[in-house]
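See below for the structure under consideration.
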Amino acid sequence: MKLFVAFSIITTTLISIVTPVQAGEVNVYSARKEALIKPLLDKFSNETGVKVNLVTGSADALITRMQNEGQFSPVDILITTDAGRLVRAKNAGLTQAVVSADIDNIVPQNLRDTDHHWFGLTLRARPIMYAPDKADVNGLSSILDLAKPKYKGQVCIRSSGNIYNQSMIAALTIELGEEAVEKWAKGLVANMARSPKGGDRDQIKAVAAGQCSIAVANTYYLAGMLSSDDASEREQASKVKVLWTDQNSFGTHVNISGAAVAKHAPNAEAAKQLLAYMLLPSSQQWYAQENHEYPVHKDVPWSELMQGFGEFNAQSVSLDAVGEGNADALRLMDRAGWK
Amino acid sequence: MLRTLQALTGRTVLLILCAFLCSPLVIIIASLLWPDSAAWQHLIDTVLSDYVFNSIVLTLGVGCGSLLLGTATAWCMTQYEFSLRQVMRWLLLLPLAIPAYIIAYTYTGILDVSGPLQSTLREAFDWQFGDYWFPEIRSLGGAILLMSLVLYPYVYILARTAFSEQSPRFKEVSALAGLSASQHFYRIVLPLARPALFTGVALAMMETLADYGTVAYFGINTFTTGIFRSWYAMGNQLLAIQLAGILCLFVLVVLVLEQHSRRRIKYYQASTVIDSRHDRKKLRGAQNITVSLICFLPVLFGFFIPVLQLVVWAMSQLDTLLSADYLTLVTSTFSLGVGVAILVVCIALLFSYQQRWVNNRFSYWQIRLLSLGYALPGMVVAVGVLVVFGFADRQVNQLSHLISGEYVGLIFSGSLFAVMFAYCVRFLSIALQNTEAGFGRITPTIDDAAATLGASRLKTLVTIHSPLLRASLLSALLLVFVDVLKELPATLVLRPFNFNTLAVRTYELASDERLVDAALPALTIVLVGLLPILWLTKALDNVNKGS
């Protein structure tokens, strides 16, 4: 009996915590972590009065959830941290086209879907990072140079399971063809200082500690370390420099975090309003200042740290195609022995 | 006649409940019927052998590690009187509160090449990386060690109960038969405790098989990382579910083999448990120190060191602690844990009670099937739940459209109900193992006596069995609660809008490598998890005293 009473009390508490979904709202499934999206959504709610309901999770899980919820799905907007997932959602018939002159004007063409289903919110660059006192960067100007025998045992990069690497390989494959990239990947694997483990920050830390001299990582991780509360992280990051790859050819690999409106969005109008809000200079600046991601809006200034990394030429390959090539990229890495 | 009818209804209800709870599993196993040969060929050519090898080594390693730690500590606690014994009663369970992925993060923070320990060494001796040897924590061996450190309490809890319930007379008989202390341990104590030990080890191994956070962070390719790679990177959900299906079948086979190997043996204890406190041998000197260390070291490495690291990290984040948002996070996590624990234990009690009465093949398989969920990665269970609930929602909507012309929308999917259901599927095994083991120790003559005296089955359950089962029920509640607290992937996928748990918060920050920011929610998981552990240690202690 006691158990029953306790159980009913708990159930009631839980129900009261989860507020029901009402009109005048917009529902967001986000693969961007709560800390990196909620403040912006709260700002939107404050300014417009439209309530934003949020579920975060991995993009694939959220896509699966949308598929199973089908036409009754409450979701209005899907936000992901790479183009591949948006392509997958689109191919699964889960998104709808949003034709807007604003989006077309602000977002460069290679960073949005040709059928207007999705577009990029921010840009994430993946250059080489190195320890100036250890790495011989003479003759290191391309990502392809990482397979040179002289860098044997010097390269740190995270696992092939990581989406940033998959997209990078997919983009390279578009530029150079599968055969060349596979050969290069084998050379890279042979040069690895250790079996891949950890995230991007870990690769940077390994460079700082001297386990390797060169790493491949997204810049906002380095910026995050440089602005960390933790003094040792700041110190480690200060030992590492950014090298923009392939500046005279196809450019440094970039990916996006982006958004799409769900096919069965019950609040499509509010959703479009939120998307437009995310492209406003003030929101774009928030991304740049808070998480040091490159704004897609070209007039928005970069954070000081990002300016410190310098200007660069970004790879201009269509992210649509990159997204399509993700699975093949993973199979290529499997064959190359990239753990 | 009425009674038969009642029993029949009861069984039908349980059957429906079982079918419901098994539906995600059935979907997962059934997926094996449609193999995608090209994708499988690629796996076989490249990474599958890696997955299988690493999974087997990791699981067996953690099985041995937790068996060793759990049995040794439980044996010391039940047999010896030593200096630290009073405190150890509380401490030995603490590592249970630490999720495997959190211990992995903390030790990597300390021991990694860029961590404080190696940095200090390098500075102190002016070494460069490569000048010295240091064990790589992010390796298969490291994973086995760390996971054993947090999973051994599963064995310890059950072993301790089993050891303390063994009659001290066995020892006397062994002595009379001229067996040495170690012969007595290996030939009498261990075989008698085997069901309990196996149960504990099986839980630890199943948890290891289902782990994703640790192996992904350590870069070890196992079945689970394979599942996620197939699903995420290749976008091949079917392949992912099929890998999970194989995992499921594997566990089923192991469970069947174990049951088969002891099918003719029944373990019952004498109905009176004798207070064995006076039998504990008082240790002095070196022996005292050794035994104290055996018990303390697992707790030191499995709890105090990681918690200390978390505290150090969390110091800078204390201002978040007071925010209202944080309080909501704690209360919702805690309520969810308690609610689900009670629900799961009630369901488990019903099923194992049914098996006691209707002990046939069917009810036996029913329970085995219900136990499978624990070995499945939470994400896979979540997919099963999504499919089942999505289907249910479509049917409901078609029906309502037919009747009223209106769609009612999603009722099951995206609700807290879906989350709780997934927990039931996933954690029923823990509760079942406990209730089954508990029922197994109650001799059937008690039921016969109750029946002779005219007590109904329900009354027997409530007034006779439940008090006798107290230890098992409590440990079941404890284990489920703590597991819910730590559960991550299923919660991530299934939770309703604006609902977060501590594990979700921790994971989001930690997976972004913001370990310092993740420390506070991680520490809170540990602390919230401690409350029931402390309360239940006390309760377990009372039961184990035979009061």
Task: Filter result for the condition that a residue is within 14 Å of another protein chain (Cβ to nearest Cβ), under 26 Å from A:A268 (Cβ atoms) and either without any contact (Cβ under 8 Å) to a residue 60 or more places away in the chain or within 19 Å of the chain's Cα centre (by Cα) (or both), over A:G120, A:G84 - done: A:G84
Open item on the list: Return the residues of the range B:464-500 that are within 13 Å of chain A (Cβ to nearest Cβ) and among the polar types (S, T, N, Q); say none if nothing qualifies.
Closed with: B:S466, B:T491, B:N498, B:N500
Task: Residues located in the range A:34-57, provided they are among the hydroxyl-bearing types (S, T, Y) and at the interface with chain B (Cβ under 7 Å from one of its Cβ atoms) - done: A:T56
- [ ] Taking only the range A:192-208 into account, find how many residues are within 21 Å of A:R331 (Cβ to Cβ) and more than 7 Å from chain B (Cβ to nearest Cβ).
- [x] 1
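In this structure, is B:L283 in contact with a helix residue (DSSP H, G or I) (Cβ under 7 Å, 6 or more places away or on another chain), surrounded by fewer than 23 Cβ atoms within 10 Å (Cβ to Cβ), aliphatic (A, V, I, L, M) and more than 14 Å from chain A (Cβ to nearest Cβ)? So that I can check it myself, show each step before the final result.
Values: in contact with a helix residue (DSSP H, G or I) (Cβ under 7 Å, 6 or more places away or on another chain): yes; surrounded by fewer than 23 Cβ atoms within 10 Å (Cβ to Cβ): yes; aliphatic (A, V, I, L, M): yes; more than 14 Å from chain A (Cβ to nearest Cβ): yes.
Yes.
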Open item on the list: List pairs: first residue in the range B:298-327 and of a type in the set (G, A, S), second residue part of a helix (DSSP H, G or I) anywhere in the structure, Cβ distance under 7 angstrom, at least six positions apart or on different chains.
Closed with: B:G302/B:P95; B:G302/B:L149; B:G302/B:V150; B:A314/B:A519; B:A314/B:L520; B:A314/B:L523; B:S316/B:V516
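Here is a list: B:V344, B:V385, B:V380. Which entry is in contact (Cβ under 8 Å) with a residue 60 or more places away in the chain, at the interface with chain A (Cβ under 10 Å from one of its Cβ atoms) and closer than 22 Å to B:L416 by Cα? Walk me through how you get there before you give the answer.
Details: B:V344 fails: at the interface with chain A (Cβ under 10 Å from one of its Cβ atoms); B:V380 fails: at the interface with chain A (Cβ under 10 Å from one of its Cβ atoms).
That would be B:V385, the only listed residue that is in contact (Cβ under 8 Å) with a residue 60 or more places away in the chain, at the interface with chain A (Cβ under 10 Å from one of its Cβ atoms) and closer than 22 Å to B:L416 by Cα.
Would you call B:G438 within 14 Å of another protein chain (Cβ to nearest Cβ) and either buried (at least 24 other Cβ atoms within 10 Å of the Cβ) or within 30 Å of B:F250 (Cβ to Cβ) (or both)?
no
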Task: Check on B:L477, over 19 Å from the mean Cα position of the chain (by Cα) and not small (G, A, S) - done: no
Task: Filtered residue count, the range B:83-123, keeping only those that are more than 13 Å from every other protein chain (Cβ to nearest Cβ), in a loop (DSSP other than H, G, I, E, B) and surrounded by fewer than 21 Cβ atoms within 10 Å (Cβ to Cβ) - done: 2
Open item on the list: So in the range A:291-308, with the set limited to residues that are assigned to a helix (DSSP H, G or I) and crowded, with 20+ Cβ neighbours inside 10 Å, which one is farthest from the chain's Cα centre (by Cα)?
Closed with: A:M306
Open item on the list: I'd like to know if the range B:47-55 contains one or more residues that are without any contact (Cβ under 8 Å) to a residue 40 or more places away in the chain, in a helix (DSSP H, G or I) and either hydroxyl-bearing (S, T, Y) or within 14 Å of chain A (Cβ to nearest Cβ) (or both).
Closed with: yes
Task: Close pairs (7 angstrom Cβ cut-off, 6 or more residues apart or separate chains): small (G, A, S) in the range B:429-445, surrounded by fewer than 19 Cβ atoms within 10 Å (Cβ to Cβ) anywhere - done: B:G440/B:Y267
Open item on the list: When the residues of the range A:66-99 are narrowed to those that are among the basic types (K, R) and surrounded by fewer than 24 Cβ atoms within 10 Å (Cβ to Cβ), which ends up nearest to A:V322 (Cα to Cα)?
Closed with: A:R88
- [ ] Filter the range B:492-516 for residues that are under 15 Å from B:G529 (Cβ atoms) and surrounded by fewer than 24 Cβ atoms within 10 Å (Cβ to Cβ) and give the result.
- [x] none
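May I ask you to verify whether B:I294 is more than 29 Å from B:A418 (Cα to Cα) and touching a residue at least 24 places away in the same chain (Cβ under 8 Å)?
Details: more than 29 Å from B:A418 (Cα to Cα): yes; touching a residue at least 24 places away in the same chain (Cβ under 8 Å): yes.
In short, yes.
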- [ ] Evaluate the range A:311-334: report whether one residue or more is crowded, with 17+ Cβ neighbours inside 10 Å, without any contact (Cβ under 8 Å) to a residue 24 or more places away in the chain and not assigned by TED's automatic domain parsing to the domain that holds A:D102.
- [x] yes
- [ ] Please give the number of the condition A:A260 fails out of (1) in contact with a His (Cβ under 6 Å, 6 or more places away or on another chain); (2) within 14 Å of chain B (Cβ to nearest Cβ); (3) not basic (K, R); (4) not in a helix (DSSP H, G or I).
- [x] (2)
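What number of residues within the range A:228-258 are surrounded by 15 or more Cβ atoms within 10 Å (Cβ to Cβ), free of Cβ contacts under 8 Å to residues at least 60 places away in the same chain and charged (D, E, K, R)?
Keep residues of the range A:228-258 that are surrounded by 15 or more Cβ atoms within 10 Å (Cβ to Cβ), which gives A:228, A:230, A:232-233, A:236-237, A:239-247, A:250-258.
Among the residues that remain, those that are also free of Cβ contacts under 8 Å to residues at least 60 places away in the same chain are: A:228, A:230, A:232-233, A:236-237.
Next cut, charged (D, E, K, R) only: A:230, A:233.
Total meeting the criteria: 2.
Is at least one residue of the range B:389-396 polar (S, T, N, Q), buried (at least 24 other Cβ atoms within 10 Å of the Cβ), assigned to a helix (DSSP H, G or I) and more than 9 Å from chain A (Cβ to nearest Cβ)? Please lay out each step first, then the result.
Here is the first cut: in the range B:389-396, the ones polar (S, T, N, Q) are B:395.
Now narrow it down to the ones that are buried (at least 24 other Cβ atoms within 10 Å of the Cβ): none.
Looking through the range B:389-396, none of the residues is polar (S, T, N, Q), buried (at least 24 other Cβ atoms within 10 Å of the Cβ), assigned to a helix (DSSP H, G or I) and more than 9 Å from chain A (Cβ to nearest Cβ).
Quick test for you: out of B:A7, B:A38, pick the one residue that is surrounded by 12 or more Cβ atoms within 10 Å (Cβ to Cβ), at pLDDT below 90 and over 28 Å from B:A100 (Cβ atoms). Reasoning before the result, please.
Working: B:A38 fails: surrounded by 12 or more Cβ atoms within 10 Å (Cβ to Cβ).
Result: B:A7 is the single residue among B:A7, B:A38 that is surrounded by 12 or more Cβ atoms within 10 Å (Cβ to Cβ), at pLDDT below 90 and over 28 Å from B:A100 (Cβ atoms).
The values are calculated or read from the model by the stated rules, or taken from the named source; none is laboratory data. Bear in mind that the values here come from a model prediction, so they are computed numbers and not experimental data. All Cβ positions, glycine included, derive from the backbone under ideal geometry; neighbour counts span all protein chains shown.
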